[in-house]
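Take this structure first; my questions come after.
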Amino acid sequence: MRRPLSIQNTLWLTVSVLTLLIAGLVMQEVYVQWQQLQKIESLKEATLFSDKLFDATEKFSIERDVAFAMLHAPDDQAVASLRSRLKESRSYADNAFAATMEAAAQYTFPELTELKKNIEAHLAAIHALRIQVDHAMSLPHQQRSAALASQWYNEATALMTETQNLWTALIYHFTDINPIVTQHLRYRHFLRTIIDYSGRERAVIGRLLVENVSPTPEEAGQLLRWQGMIDLSWKTARLLAGQSGLFPAIEPDFRDAESQYMTMYDMVRDIFYLPVGNKAAFYPIGTDLWFELSAQSVDSLDTLKEASNKEMRRYIAQIENEGERTIALHLALLLLALGLCVYCFRIIRRRVIGPINAMVDALVNAMEGRPVSLVPVVHAQDEIGKLASVLDAFQRNVDEVRRTYAMLENYAHALERSNKELDDFAYIASHDLKEPLRGIHNHSRFLLEDNAGKLDPDSVNKLNRLVYLSQRMERLVNDLLYFSRLGRQELAIQSTDINAVIHDIENTLDVFLHERNARIVIPKPLPTIVCDKTRVTEAFRNLITNAVKYNDKPEKTVEIGFLDAYSLADGTMARHVFYVRDNGKGIASEFYEEVFRIFKRLQAGKDSEDGTGVGLTFVKKIVERHGGRIWLESEPNVGTTFYFTL
């Protein structure tokens, strides 16, 4: 049989486990917050990379459209008017793509490898085509290759598409970090869509202007579809900005950029969106002015983009600050928990374990007749101090008894007083021990309730076990206190009908008996006796519940009877004997005396079914207080009969 943990080890183990649980929960939260900060940092880098992709797409779309218009220019003057714009946009595009590819090198997601290779291949093709484009622009319009313009436009558009695919594949890895940032990234996607379709529109209109021809039905249809996509993208971008909480901060810039695009569309709608058939036309604006107006729209979009970036940087910084504050707070809580743990260890050692050990040593010395010297307790008003004061008073009384040992009247008086204070000691000990037990119970429940979603199943089981053990310990203390009272309280003697007692017990145990398929049998009427009705009722109830609880038969029977006389094994005769007989498991003869020992249980079952092992002890005490005796006879697998006299 395993020895139970000492009070010292139990308290230290409890404090240690609770501290480790708190520390574990705090460190888990710190780790989660730290991981979140790392994700936010990577999100910031991804946002910067997104900006580079945004700029590269935007700048290159201008180069594509200007070069496309120049390849269709009918004379050198038209080519010359756009040459400086081409040079400027090409320089911007090269710088933007160089920065983009340098930033892309830090991301090693497998799906990005092929996309980066495709972009590099398209960039190489663009550089080769630029040589052909520049050469073609130096030739008269009639000598230029008709397929070169389409080849240039398709290759440039393919590069922009691959850039968009790279952005989509990359941002996929960061959309689960923060819902607001995810909405913002989607919002930026639709800004990029506006740039894409506006660029296509700019290229087609630029060609029409430089050639002074009207759009074909196919081109007019394309322009209308693209404008529809632009209009839808503006509406969706506004919706996403509103959902993410971004719109109030960027509303002026958003309205300005949208107004620029809408104004430009209104200006050219009646000019370019009506299909005529690619016939000669005279337009009120020139190619250079058209690209200038487009550049202004692009600038307004850049301003909107920068305002959006500023607000998003502010939001991400706020998230970082909150995460850092949370980590600092949890670390402070961890330090506080560790400090409380150290404090509890000191309190347990100095104010609980030390005084208790001193009192135990004093009691041992007193039992062996050696001199007793109690160490004064510093905190005399706490529970341990009260126990020490009671023990000190008890010891003083014992010394007094010893000094007056030779006196048949002073000795009796001192002994009576000593017994009374011993009873008081048992009462105070039982009462004051409940406080730490309630503390263990309540703190364990608080941990279970406040951290239900965070504790693992093993920790939950351990805490539930701690709750159960504290409740069981309190029941043991209560039973111990009640047992001590049984020996010092006066009996309330009265005439009692035992038939009525059994009837009342049967009514109160009705559900208990029905659930266990048990019945009470009384072969003949029971007598009326003079006794303490409450105590005798308790004795019968304990014997009946034990007879049912430890009965393994399908149909359980409890017989209650009375014998005028009963012949004992030693040859003597017992008179006026009550008995309670069951048809249960039976008890081995070597345990006949053990069953009456306090807190002794012969059979272990479910915790919820077990008592504290004091029921038969109470019965024996009640019988003896009535001047009677109790004994038993049993046969394994047949049943047990408890006999007692009052």
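The values are calculated or read from the model by the stated rules, or taken from the named source; none is laboratory data. Because the structure is predicted, anything quoted here is derived from the model rather than measured. With ideal geometry, Cβ positions are generated from the backbone for all residues, glycine too; neighbour counts draw on all protein chains shown. These accessible areas exclude ligands, DNA and RNA; they are computed on the full protein's heavy atoms, side chains included. Shrake-Rupley method; radii C 1.70, N 1.55, O 1.52, S 1.80 Å.
Set the Förster radius R0 to 35 Å, insert the Cβ-Cβ distance between ASN365 and GLU490 as r into 1/(1 + (r/R0)^6), and round the FRET efficiency to 0.05.
0.50
Determine, from the Cβ-Cβ distance of GLU120 and SER91 and an R0 of 22 Å, the FRET efficiency 1/(1 + (r/R0)^6), rounded to the nearest 0.05.
0.65
Rounded to the nearest 10 Å², what accessible area does LYS454 have for a 1.4 Å probe in the complete protein model?
110
Still on this structure, please answer the following. Of the accessible area of the range 81-219, with the probe set at 1.4 angstrom, what percent is carbon plus sulfur?
55
Using +1 at the C-beta of Lys and Arg and -1 at the C-beta of Asp and Glu, which of ALA103, GLN38, ALA69 has the Cα lying farthest in the positive direction of the dipole of the range 1-116?
GLN38
Sort GLU201, GLU218, GLU88 by heavy-atom solvent-accessible area, probe 1.4 angstrom, most to least.
Ranking GLU201, GLU218, GLU88 by accessible area, largest first, yields GLU218, GLU88, GLU201.
Give me the distance in nm between label points sitting 7 Å out from Cα along the Cα-to-Cβ direction at THR534 and ASP552, one decimal.
According to this spin-label approximation, the distance is 3.9 nm.
Among the listed pairs LYS462/LYS621; LYS39/LYS454; LYS462/LYS549; LYS44/LYS116; LYS117/LYS235; LYS533/LYS553, which are separated by more than 26 Å between their Cα atoms?
Correct reply: LYS462/LYS621; LYS462/LYS549; LYS117/LYS235; LYS533/LYS553.
Out of the total accessible area of the range 522-573 (probe 1.4 Å, heavy atoms of protein only), what percent is carbon and sulfur?
Roughly 53 percent, rounded to a whole number.
Roughly how much of ILE271 is accessible, in Å² to the nearest 10, using a 1.4 Å probe?
About 50 Å², ignoring ligands and nucleic acids.
For VAL204, VAL17, write out the residues from largest to smallest accessible area, computed with a 1.4 angstrom probe and no ligands counted.
VAL17, VAL204
Next question, about the same structure. In terms of the Cα gyration tensor, with a ≥ b ≥ c the square roots of its eigenvalues, is the range 503-553 rounded because a/c is under 1.5, prolate because a/b exceeds b/c, or oblate?
Because a/c hits 1.5 or more and a/b exceeds b/c, the range 503-553 counts as prolate.
Counting only the heavy atoms of the protein chains, how much of LEU646 is accessible to a 1.4 Å probe, in Å² to the nearest 10?
Accessible surface of LEU646 is approximately 60 Å².
Another question about this same structure. Under 1.5 on a/c is rounded, so check that first for the range 99-230, then, if it is not, pick prolate when a/b is larger than b/c and oblate when it is not; a ≥ b ≥ c are the square roots of the alpha carbon gyration tensor eigenvalues.
oblate
Something else about it: List, in order, the whole-Hz ³J(HN,Hα) value for each residue of the range 552-557 obtained from phi through the Karplus relation with A = 6.51, B = -1.76, C = 1.60 and θ = phi - 60°; use x for Gly and Pro.
9, 7, x, 10, 9, 10
Based on the Cβ-Cβ distance of MET27 and TYR172, what FRET efficiency does E = 1/(1 + (r/R0)^6) give at R0 = 35 Å, to the nearest 0.05?
0.65
Over the Cα atoms of the range 17-75, what radius of gyration and what Dmax do you get, in Å?
Cα only, the range 17-75: 25.5, 88 Å (Rg, Dmax).
Now for a different question. Kindly sort ASP55, ASP532 by accessible area of their heavy atoms, largest first, with the probe set to 1.4 Å.
Final ranking, largest accessible area leading: ASP55, ASP532.
Between GLU218 and GLU292, what is the label-point separation in nm under the 7 Å Cα-to-beta-carbon projection?
Each label point lies 7 Å from its Cα, and together they span 3.4 nm.
Evaluate the distance, in nm, between pseudo-label points positioned 7 Å from the Cα of GLN243 and of ASP564 along their respective Cα→Cβ axes.
9.6
Sort 166-174, 508-516 by packing, meaning the average of other beta carbons within 10 Å per residue, with the highest value first.
166-174, 508-516
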